[in-house]
Amino acid sequence: MKAIVLREYGAFDTLLWEDVSTPVPDFGEVVIRVRATGLNHCDTDLRRGLFGLAQTFPHVMGVDAAGTIEAVGPGVTEYKPGDRVAPHFVLSCGTCRNCLRGLENICLNAGLLGITTWGSYAQFVKVRQNNLIRLPDGLPFDEAVAAQVPLATAWEALIEVGKLRAGETVLVNAAGSGVGSAGIQIAKLAGARVIATTGQDSKFAAARALGADEVINYSTANVPDAVMALTGGLGADIVLDMVGGDRLKDSIAAAALGGRIVSVGAHGGEHVDIDMIELFRKHISLHGCGRSTRAMVGEVLGLVAAGKLKAVIHKHFPLSQAAAAHELMESRAFFGRMVMDPWQA
Ligand SMILES: [Zn+2]
């Protein structure tokens, strides 16, 4: 099969389109014909050697995929060739304490697709049957890929962890990111008033089209002041933050009394000085999450198939041009997901 093979960490030219052996399913495993794979922020970190978990080379990255089952190994009882599925990027064991209580997203023995194993930047990918999600009928593969990580992450952050209720105000940082655009939609669907931030005025219209009631440019405006002005001095009940750094400090300043801040990323700065006095005086709770469960992925894919949530796709690429997709991601000049097709020439 063809795959994007990484033989060293480095620049875009380390993404090599090569022939590698097609995987063969072992006991309890399936091989998926990958019909679409997505580009995630962690991919560019991994390529540059900045992810924090070392790979052995050659390596095939790729965190998410959607496709059809090509072959099943012995002992596979729940799936058959032709079934439409997506692998869950958290490769949970199915037997540990957390897996047994339905928290396979924080499995004690978890691997990560494309990070600890070969992933979906390939025409075929192999996973165990307990790490699969069935795709709703009629949901296109590219939408399944574009939806699963950002929408399920935002769902977990806002609904499961943040306990968002109708009528609350939600501040979504970085509206143009995958999780940001997902967060706007989910907050709106849940009946919230949504304030979104972006660094570029050109992204205002797209943020509003997804449901943002107000948009703030964080490169030209003081975000806490703007949020306070928009909320009559009350602040935001929930802040969805995937940036970290100074944005997280802004999030604390922009939060209402009793506000919840849910952090799902830190590309803008991993170490932050937090004013603890402000945190406890305002009764702010600070949560971290980022790995949704299979049930949450199933929930959001169902809502996409039903037309209640939208998979936001910025651009399609043939997988052979993964380098161009990585370059676009690093330029930050995108709104939504980049989706790649391993079978397109
Ligand atoms: Zn487990």
From Cα pairs below 8 angstrom and at least 6 apart in sequence, can you work out the relative contact order of the chain, rounded to a whole percent?
18 percent
Over the Cα atoms of the chain, what radius of gyration and what Dmax do you get, in Å?
20.0, 62
Between the stretch 220-260 and the stretch 274-336, how many Å separate their Cα centres?
19 Å
Per DSSP, loop trypsin sites (Lys or Arg not before Pro) in the stretch 82-145 with at most 12 further Cβ within 10 Å
R101
Hey, what number do you get for the chain at 222 nm if only DSSP H runs of n ≥ 4 count, each worth -39500 (n - 2.57), divided across all residues, to the nearest 500?
-7500 deg cm²/dmol
Could you put M276, M296 in order, starting from the residue whose Cβ has the fewest other Cβ atoms within 10 Å?
M276, M296
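Taking the number of other C-beta atoms within 10 Å as the exposure measure, put D137, D201, D45 in order starting with the fewest.
Listing D137, D201, D45 from fewest to most nearby Cβ atoms yields D137, D201, D45.
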Place a point 7 Å from the Cα of K80 along the Cα-to-Cβ direction; which residues of the stretch 1-44 have their backbone N under 17 Å from it?
30-31
Using only the alpha carbons of the stretch 149-288, what is the convex hull's orientation-averaged projected area in square nanometres?
7.2 nm²
Label-point separation, A209 to L103 (7 Å along Cα→Cβ), nm:
4.0 nm
In nm, give the distance between the simple-model label positions of A324 and F280, each being 7 Å from the Cα along the Cα-to-Cβ direction.
5.6 nm
Checked the stretch 280-345 against the a/c 1.5 cut and the a/b vs b/c comparison, axes a ≥ b ≥ c from its Cα gyration tensor; verdict oblate
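Mind checking the dipole of the stretch 149-288: about its Cα centre, +1 per Lys or Arg Cβ, -1 per Asp or Glu Cβ, Debye to the nearest 20?
Dipole size: approximately 340 debye.
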Report the net charge of residues surrounding V264, where surrounding means a beta-carbon distance below 11 angstrom and charges are Lys +1, Arg +1, Asp -1, Glu -1.
-1
Charges at C-beta only: +1 for Lys and Arg, -1 for Asp and Glu. How large is the resulting dipole of the chain about its Cα centre, in Debye rounded to 20?
640 debye
Name all residues of the stretch 210-239 having a backbone nitrogen under 17 Å from the label point set 7 Å from the Cα of K163 along its Cα→Cβ direction, giving them as ranges.
237-239
For I32, I274, I115, I159, what ranking results if the residue with the fewest other Cβ atoms within 10 Å of its Cβ goes first?
I274, I159, I115, I32
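Coordinate-derived values only; no laboratory data. Being a predicted model, the structure only gives us computed values, none of them experimental. A quick note on method: Cβ atoms are made from the backbone with ideal geometry, for glycine too, and the neighbour counts reach across all protein chains shown.
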